[in-house]
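Chemist: Once you've had a glance at the structure underneath, I'll fire off some questions.
What follows draws every value from the coordinates through simple rules; no lab data is involved. As the structure is a computational prediction, the values presented were derived from the model and not from experiment. Cβ placement follows ideal geometry from the backbone for every residue including glycine, while neighbour counts extend to all protein chains displayed.
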Amino acid sequence: MSTFAAVKCWLLIIWALFPLALTAGTARPADLSSPIDEASFHRGILRPVGWLMDYLKNANRETSRPFDCSFICGPTYKSTTSFALGGGMTGLYKWDRNDPALQQSSVNLFFNASVTGMLKLSLEGHNYMRGDRQRWDYELYVENLPTDFWGIGYRNGVRNENKSSYHQIRASFKPNYLFRMAPSFYLGPELRFQHSHSFKVRRPDYLEGQQYDITSTGLGIAVQYDSRDFALNAYRGNFIRIEQLFFPKFMNTYWFNSTELTIRSYRQAWRGGVLAMDLHGLFNYGGPVPWTMLSLVGGNGRMRGYYEGRYRDRNILEGQVELRQHLFGRFGCVVWAGAANVFHDRRHIYMNEVLPSVGTGVRWEFKRRVNIRLDFGLTKNKPGFEFSINEAF
């Protein structure tokens, strides 16, 4: 039995024995021969269910605690990794609790284990310092990912018969520290580190002669304009970010440059309705870009429904428009439309290679303005689901 299968078996055993462990004290220990009180037994079994319902019911209430921490665990689904057990912790806090205008900082720690063998642990945080004069963000993850691979470029990705596979263990770290230069305008250094170890590559020719193990280290600068009212779920405001990274030859086997542009805008359309727009571009150039750092369709909440990495190339342009509508209580829904194009360089941008995406989803407010989302997207190839926490953008 594999290690992953053994872990699944133990999780099932613990899940089955958990209610019994909680109800073990319902029998009368003074008289071991007497039967267990049936009503007490059922109350004991229902006790964890009742606790869970109360916890979810009160999770989104405002609190005066300095660190508002909540936990969640349950099934997840994504087209790339299939069904999984996911969970983690979300924490909200303020660096200056006496400043009502200062946004809440956040930290999120998540794990995911899928039936396909994917294992991932991620940590991300967004910090707004006193007076919002400085901001620092970080993203860290490690993952074990068995995944499919169609090759590089649109023309390879669109052909179903090109489907192959490989296995990858990957670690990534991306911090930045920004200083306020003017109202809503920030500037600061950024670091990008990623190490990928690939094996079981069924089609080595797809790598175009590159190595299986690649480490990429980049240094650069981030420029940001941010007038959003709340970063995790904005109702109004604008967000513009430019990231310029350099992966120099003395630090990398494959040296290149990367420019990433993100533009987002949020407007209240009517009562309970928010119109959100996102435009994104990632451009790699100047040298031999490693296949592990190519632009991918289907990641980071964009082009939902696509198998992440089926379409990949040096560059990507993508955009989406989403209408978010509150329904009742803690429930809401969204509809969106988007398009993307991956290409080698600007001379290879073709309208007939544009990838469309439309879809809809439901929202449930887990914490105040922190949503759990289930999205269903229609794509060029086949429909796909995505179940996650926080808004897509």
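Chemist: Using the alpha-carbon centroid of each, what span in Å lies between region 330-393 and region 228-293?
Modeler: Cα centroid to Cα centroid, the span is 16 Å.
Chemist: Shifting gears a bit: Given the Cα-Cα distance of Trp95 and Ser165 and 0.36 nm per residue of separation, how much length would full extension add, in nm? Working shown, then result.
Modeler: Numbers: separation 70, 0.36 × 70 = 25.20 nm, distance 4.55 nm.
Once the chain is fully extended between Trp95 and Ser165, it gains 20.7 nm.
Chemist: Using a 7 Å offset from the Cα along the Cα-to-Cβ direction at both Leu85 and Leu187, what is the distance between the two label points in nm, to one decimal?
Modeler: 5.0 nm
Chemist: Longer than 32 Å from Cα to Cα, which of Lys200/Lys367; Lys94/Lys380; Lys94/Lys249; Lys174/Lys367; Lys249/Lys382; Lys78/Lys200 are they? Say none if no pair is.
Modeler: Those over the limit are Lys200/Lys367; Lys94/Lys380; Lys94/Lys249; Lys249/Lys382.
Chemist: Near the amide H of Tyr254, under 5 Å away, which other amide H atoms are found, from residues 5 or more places off or on another chain, if H is placed in the peptide plane?
Modeler: none
Chemist: Quick check: convex hull over the Cα atoms of region 146-303, volume per residue in Å³, rounded to an integer?
Modeler: Values: hull volume 22.0 nm³, N = 158.
Hull volume normalised by residue count: 139 Å³.
Chemist: What order, most packed first, do the peptides 192-198, 262-268 have when packing is the mean number of other Cβ atoms within 10 Å of each residue?
Modeler: Values: 192-198: 18.6, 262-268: 16.9.
Going from most to least packed, we get 192-198, 262-268.
Chemist: Could you tell me the calculated FRET efficiency between His197 and Arg130, based on Cβ-Cβ distance and R0 = 51 angstrom, to the nearest 0.05?
Modeler: On the way: r = 41 Å, r/R0 = 0.81.
Step by step, r from the Cβ atoms, then E = 0.80.
Chemist: Once you put a point 7 Å from the Cα of Asn300 and another 7 Å from the Cα of Phe111, both along the Cβ direction, what distance in nm separates them?
Modeler: The two pseudo-label positions are separated by 2.7 nm.
Chemist: Another question about this same structure. In whole Hz, what ³J(HN,Hα) sequence does region 298-305 give by Karplus (6.51, -1.76, 1.60; θ = phi - 60°), x for Gly and Pro?
Modeler: Along region 298-305, the couplings run x, x, 6, x, 9, 6, 4, x Hz.
Chemist: Now for a separate question. Determine one quarter of the surface area of the Cα convex hull of region 264-326, which equals its mean projected area, and express it in nm² to one decimal.
Modeler: Computing the convex hull of the Cα atoms and averaging its projections yields 5.0 nm².
Chemist: Given R₀ = 45 Å, FRET efficiency for Arg347-Leu327 by Cβ-Cβ distance, to 0.05? The partial results should precede the final answer.
Modeler: Details: r = 47 Å, r/R0 = 1.04.
Efficiency for this residue pair is about 0.45.
Chemist: Show me, bin by bin at 10 Å from 0, the whole-percent P(r) of region 59-389 based on Cα pairs.
Modeler: Over region 59-389, the share of Cα pairs per 10 Å bin runs 5, 23, 36, 27, 8, 1, 0 percent.
Chemist: Where does each of 239-251, 333-345 land if you order them by average Cβ count within 10 Å, highest first?
Modeler: Peptide ranking by packing, descending: 333-345, 239-251.
Chemist: A further question follows. Give, as ranges by residue number, the residues of region 173-196 whose backbone N falls under 14 Å from the point 7 Å along Cα→Cβ of Met251.
Modeler: Inside the label zone: 173-177, 189-195.
Chemist: Could you pull out every residue, at least 5 positions away or on a different chain, whose amide H is within less than 5 Å of the one on Gly117? Hs are placed 1.01 Å off N in the peptide plane, and Pro or chain starts have none.
Modeler: HN-HN under 5 Å from Gly117: empty list.
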